[in-house]
1. Order these peptides, 132-139, 253-260, 266-273, by their mean beta-carbon neighbour count within 10 angstrom, highest first.
2. Does region 167-234 come out rounded, prolate or oblate by the C-alpha gyration tensor, with a ≥ b ≥ c the root eigenvalues, rounded set by a/c under 1.5 and, if not, prolate when a/b is larger than b/c and oblate if not?
3. Rank LEU66, VAL109, ALA121 by how far each Cα sits towards the positive end of the charge dipole of region 55-130 (+1 on Lys, Arg Cβ; -1 on Asp, Glu Cβ) and give me just the farthest.
4. Could you rank the peptides 274-287, 168-181 by their average count of other C-beta atoms within 10 Å per residue, with the highest value first?
5. Pick from ALA110, ALA213, ALA198 the residue whose mean-square fluctuation is largest in a GNM of the chain, springs joining Cα atoms under 10 Å.
6. Rounded to the nearest whole Å², what accessible area per residue is found for the chain with the 1.4 Å probe?
7. Could you compute the FRET efficiency for ALA61 and LYS281, with r as their C-beta to C-beta distance and R0 at 25 Å, rounded to 0.05?
8. With only Lys, Arg, Asp and Glu charged, each at its Cβ (+1 for the first two, -1 for the last two), find how big the charge dipole of region 201-277 is about the Cα centre; round to the nearest 20 debye.
Amino acid sequence: MGSAAGPLMRAIRVSEFGAPSVLRLCSDVTVPQPGHRQVLIRVHACGVNPVETYIRAGTYARKPPLPYTPGTDVAGVVESVGEGVTAVKAGDRVFTTATESGGYAEYTVAADERVHKLPDALHFSQGAAIGIPYFTAYRALVHKAHAKAGETVLIHGASGGVGVAACQLSRALGLKVLGTAGTPEGMKMVLNNGAHLAFNHREEGYTDKIMEATEGRGIDVIVEMLSNVNLSKDLQMLAFGGRVTIIGCRGSIEINPRDTMAKESSIMGVALFFATPEENKECAALLYAGMEAGWLRPVVGSQYPLDKAAQAHHDIIECPGAAGKTVLTM
């Protein structure tokens, strides 16, 4: 392409769907320029979300046109803004909930409505851990499950990015919060981030312990990260009128529909893609209040340099127990 096209940057490019090795670091990618109502951001950190591994593998419902750069959740500093942008200006610390050009890169362009100011109290790695995790947790708990203060929620897989977000948000909403993790470290993290009780989902009979904790009443809302393993158990743990919100799935599962009749329960899919601009605005307002109040504090786990993106994709799926949010740093 040559420098005639403008300044160059390093970015991950995916030219074919497949294993993590298709994530290629290129050092001659042209820095994108912001158009109308767009913001150019110098990326300091970018969150890695499991959904990005499904898209990369080509197994997800939506496939981006090739080649593409993954990544939606960046944190960094505004480099420049396109015409019509008023909410942020060059030099502002910001985070995004979506990008136009991809976040696994040194610079990214985002629509201005997807760019939010990052409070000074949060560092860039934390800023990169807000987007998908907190907006997904909010969509599941508030827009889908309509969780009410005083209800009991089970975060099934509570130590990863979305799990920690769901614990903090549930506690702030006045719910009784139960969380599961697969390691002692994960369980400690769950308790440190808003859960009243933590359970080890690798332990035989852990669902019985959860039911005991509700005194046999069951759970009102389950936020489910691995539905292909847990959904049948979830339906049996629900209270009358209970709801399961499906956040994560890596295969199929057999369930007995009679379990839903016994409790008049609901199974709801959650996909951030379908959130309306109004819903995103509402969520952003509540999360911003959480940052000001101090309960919204993302927990960063493993951090990888940009050239180790493939390793990050491998580890986020294969690791035995999540402990915080996976982040790429530039």
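1. The packing order, highest mean first, is 132-139, 266-273, 253-260.
2. Here region 167-234 falls in the rounded category.
3. After comparing all options, I get LEU66.
4. Put in order of decreasing packing, that is 168-181, 274-287.
5. Among ALA110, ALA213, ALA198, the largest mean-square fluctuation in the Gaussian network model of the chain belongs to ALA213.
6. Heavy-atom accessible area per residue stands at 44 Å².
7. Here the calculated transfer efficiency is 0.50.
8. In debye, rounded to 20, region 201-277 gives about 200.
The values are calculated or read from the model by the stated rules, or taken from the named source; none is laboratory data. Since the structure is predicted, the reported quantities are computational estimates derived from the model, not experimental observations. Ideal geometry is used to build each Cβ from the backbone, glycine not excepted, and the neighbour counts take in all protein chains shown. For the accessible areas, the whole protein counts, side chains as well, though only heavy atoms, and no ligand, DNA or RNA atoms are used. Shrake-Rupley method; radii C 1.70, N 1.55, O 1.52, S 1.80 Å.
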